Amino acid sequence: MTYAIRAEGLRKAFGDTVALSGVDLEVPAGTVLSVLGPNGAGKTTAVRILTTLLRPDSGHASVGGFDIAREPAKVRALIGLTGQYAAVDEMLTGTENLLLIGRLVGLTRADARARAAELLERFGLSEAARRATKTYSGGMRRRLDLAASLVAAPRILFLDEPTTGLDPRSRNQLWDIVRGLVAEGVTVLLTTQYLDEADQLADDIAVIDRGRVIATGSPDELKSKVGGQLLYVQPSVEADMDGTRELLSDVVGRAPSREGAGWAVPITDSALMPRAAVRLADNGIDVAEFALRRPSLDEVFLTLTGHTAAETEGALA
């Protein structure tokens, strides 16, 4: 197997604060790895090291087959990077921003203009190409920022929380763009706090918490760690919540967790579902919802870390 990105034992500290504590990552060429974790987990620090913006205290990594410490210029020639915040010049137009990048990466004026027009068309920004970027919406700026990272046609793309702050429509547009790039053979390392984003885009996921990778696998493989399926029960009346929880604990043998107006509990034995239904009926508990489903990545993260991905931990990203 050909790996576009490999990292082993990456460590980085800022004073007394440990950002990374021995991180290992592997990304096969042409796939998407989502590095999933809360604020402070170490995601951005890992990206900055892999894109040669930071040196690790120890450990080593290669990107595109080149060592990040010994051959940083060769690594930079292969990659594109979109950070957490759009890095476009608000006083320049969309075209001017991309022309500037094109010239900086060595394209001729004619090639830079052609590449800018191509990317603006692809990202749905042609009509706004001559407008100052300060007039763009947040979603338009993020698309332009991603377009800027693609001017040099990188084969490996780092996306550090690219949809933070975007509305659902803009997020879906960016997801479609990422899918298109991967279909063309681009390798993507995506950091995110959004579990649905990882579920939508990732071939594999690395869950990172407090500077360590605590689990890896495909979305389905990680979901299987929580339990085969989840039984969700919502009683018709609030007064039956406590009784429902006790009944489920007794039938399944483990305490359910609160989810909205009901309770969810992992089950591995399908026979437990009809038993629970019979017990609820015998105890006079009417239900508004009684369903069996796969666990979500949010539930996976909660099981693995003891907190949700939305909770912030520490001072570093």
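Summary table
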quantity: On Cα atoms only, tilt of 109-122 relative to the major axis of the chain in degrees; calculated: 20
quantity: Under the Karplus curve 6.51 cos²θ - 1.76 cosθ + 1.60, θ = phi - 60°, whole-Hz ³J(HN,Hα) for region 232-243, x wherever Gly or Pro sits; calculated: 10, 10, 10, x, 5, 10, 4, 4, 8, 4, 5, x
quantity: Computed over region 130-280, the ratio Rg/Rh where both radii use C-alpha atoms and Rh is Kirkwood; calculated: 1.14
quantity: Nonlocal amide H pairs with L92, under 5 Å, H built at 1.01 Å; calculated: T133
quantity: Between 0 and 90°, nearest 10: helix 168-183 axis offset from the chain longest Cα axis; calculated: 70
quantity: Estimated [θ] at 222 nm from DSSP helical runs (n ≥ 4, -39500 (n - 2.57)) normalised by residues in the chain, nearest 500; calculated: -11000 deg cm²/dmol
quantity: Mean shadow area of region 1-142 over all directions, Cα convex hull, nm²; calculated: 10.4
quantity: Extension gain from A291 to T164, taking 0.36 nm per residue of separation minus the Cα-Cα distance; calculated: 42.5 nm
quantity: Within the chain, longest stretch clear of exposed trypsin sites (Lys or Arg not before Pro) (DSSP loop, no more than 12 other Cβ within 10 Å); calculated: 131-253
quantity: At 1.306 mPa s and 10 °C, Stokes diffusion of the chain via Kirkwood alpha-carbon radius, µm² per second; calculated: 73
quantity: Carbon/sulfur fraction of accessible area - the chain, other protein chains in place, 1.4 Å, %; calculated: 49
quantity: Beta bridges by DSSP in the chain, antiparallel share as percent, to the nearest 5; calculated: 65
quantity: Estimated FRET transfer efficiency (E246, T216; beta-carbon r; R0 51 Å; 0.05); calculated: 0.90
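The values are calculated or read from the model by the stated rules, or taken from the named source; none is laboratory data. Everything numeric in this text was worked out from a predicted model, so none of it was measured. Cβ sites come from the backbone with ideal geometry, for glycine too, and all protein chains shown count toward neighbours. Ligands, DNA and RNA are stripped out before the accessible areas are found, and what is left, the full protein with its side chains, is counted by its heavy atoms. Shrake-Rupley method; radii C 1.70, N 1.55, O 1.52, S 1.80 Å.
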